[in-house]
Amino acid sequence: MLRFGILSTAKIGRELVIPAIQDAETCVVTAIASRDAARAREVADRFSVPHAFGSYEEMLASDTIDAVYIPLPTSQHVEWAIKAADAGKHVLVEKPLGLHADEIAPVIAARDRNKVIVSEAFMVTYSPVWRKVRALLQEGAIGRLRHVQGAFTYFNRDPGNMRNIPSLGGGGLPDIGVYPTISTRFVTGKEPLRVQATTERDPVFGTDIYSSVRSDFGDFELSFYIATQLAARQVMVFHGTEGYIEVKSPFNANRYGAEELELTNQSHGESRFFRYQDCRQYRLQVEAFARAAAGEDEELVTLESSVNNQKHIDAIYRASEKDGWEPV
């Protein structure tokens with residue numbers, strides 16, 4: 001059993017990742033750390049976690065954990081991923097790992113010098129839904145892929161929420177723009193060559209709240225929009241010469257709709273639905289991470305892939321400041 005320490009009492013940890021680890025077969029939470037010792041003890045008691053620490057450094061120095069999950073604000077991910085790796089702990093860090101692609105190089109160096117696993121927590125890449133999309137594309141179920149279309153939106157104008165605070169790494173592209181990019185790259189194995197984009201910023205918060213993006217992958221295009229001040233919607237569609245695949249609730253399974261995808265092949269005159277009952281993508285993620293930490297051969301999100309995904313986001317920001325194409 002891989003023993004996880006949770007570095008902060010953030011909401012995503014409390015509501016999604018800690019329960020997933022406690023439900024998993026290959027790992028367990030043994031410690032919670034917070035800068036507020038009473039808060040750490042409160043969350044630890046809630047989940048029957050034996051150890052609570054009043055500082056992050058104290059937990060990293062402890063032999064009660066083997067790995068760290070980091071759900072801190074985005075602006076602190078790189079710093080604490082490096083500190084955790086230097087403490088000899090395996091690291092699962094929330095997305096986005098960095099705010100610029102070049103920030104990830106020191107994390108790669110820390111991973112290599114300490115011989116630990118460091119992975120960005122893109123839970124969708126462990127979901128059977130997305131692995132089915134990849135398999136269908138590989139077998140030519142829709143012919144030649146020509147276009148990918150996506151949307152991911154929600155409405156949040158809370159001034160206290162980190163998503164609306166630039167100094168904490170807030171903004172729509174870091175928070176949700178990374179999902180259409182990682183999922184498209186994951187299922188196709190392709191990287192974008194250039195992008196066009198428009199981005200709107202909130203006049204009060206200063207964060208990006210809307211982006212419309214067109215990415216050229218050479219063989220196909222990805223077009224998507226994301227927004228933090230629109231009614232909630234998620235969809236991804238992969239359109240080929242013979243049919244299409246529509247992923248109904250592609251990123252937040254069950255919260256935006258059913259965990260299912262529809263395959264339509266017009267050449268064969270057929271439509272097929274693939275439905276998944278509570279696939280628990282966060283649990284699958286931590287179980288795969290724990291197996292990899294034990295030396296098993298597992299497909300994790302590598303830091304090299306994280307660099308490429310962030311390069312895509314960086315290029316979108318640059319493209320938003322100009323007309324025409326921006327190279328990735």
Examine the stretch 15-22 for a residue that is assigned to a loop (DSSP other than H, G, I, E, B), closer than 25 Å to Gly169 by Cα and of a type in the set (A, V, I, L, M), and state whether such a residue exists. no
If you go through the stretch 44-52 one residue at a time, do you hit one that is surrounded by 14 or more Cβ atoms within 10 Å (Cβ to Cβ), within 17 Å of Glu304 (Cβ to Cβ) and of a type outside the set (Gly, Ala, Ser)? no
Asp175: passes all of (1) outside the structural domain of Leu261 (by TED's automatic domain parsing); (2) of a type in the set (Asp, Glu); (3) surrounded by 22 or more Cβ atoms within 10 Å (Cβ to Cβ) but (1)
Mind checking whether some residue in the stretch 182-196 is touching a Leu at 6+ places or on another chain (Cβ under 8 Å) and within 22 Å of His77 (Cβ to Cβ)? no
From the set of residues in the stretch 134-162 that are of a type in the set (A, V, I, L, M), out of contact with any His (no Cβ under 9 Å at 6 or more places or on another chain) and within 26 Å of Tyr210 (Cβ to Cβ), which is modelled with the lowest pLDDT? Met162
All positions within the stretch 204-236 that are surrounded by fewer than 16 Cβ atoms within 10 Å (Cβ to Cβ), aliphatic (A, V, I, L, M) and out of contact with any Ser or Thr (no Cβ under 7 Å at 6 or more places or on another chain): Val204
Within the stretch 301-310, does at least one residue satisfy the condition of being outside any helix (DSSP H, G or I) and touching a residue at least 60 places away in the same chain (Cβ under 8 Å)? yes
Suppose we filter Gly160, Gly189, Gly170, Gly150 for residues that are assigned by TED's automatic domain parsing to the domain that holds Ile313 and on the phi > 0 side of the Ramachandran plot; which single one remains? Gly189
Residue selected from the stretch 123-175 under the condition outside any helix (DSSP H, G or I) and of a type in the set (S, T, N, Q), by the criterion nearest to Gly13 (Cα to Cα): Asn161
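Restricting the search to the stretch 55-97, which residues are assigned to a loop (DSSP other than H, G, I, E, B) and closer than 15 Å to Ser167 by Cβ? Please lay out each step first, then the result.
Of all residues in the stretch 55-97, those assigned to a loop (DSSP other than H, G, I, E, B) come to 55, 61-66, 71-73, 87-89, 94-97.
Listed by number, the residues that qualify are Leu72, Pro73.
The values are calculated or read from the model by the stated rules, or taken from the named source; none is laboratory data. As the structure is a prediction and not an experimental result, all values here were calculated from the model. Heads up, the Cβs are rebuilt from the backbone with ideal geometry, glycines too, and the neighbour counts pull from every protein chain shown.
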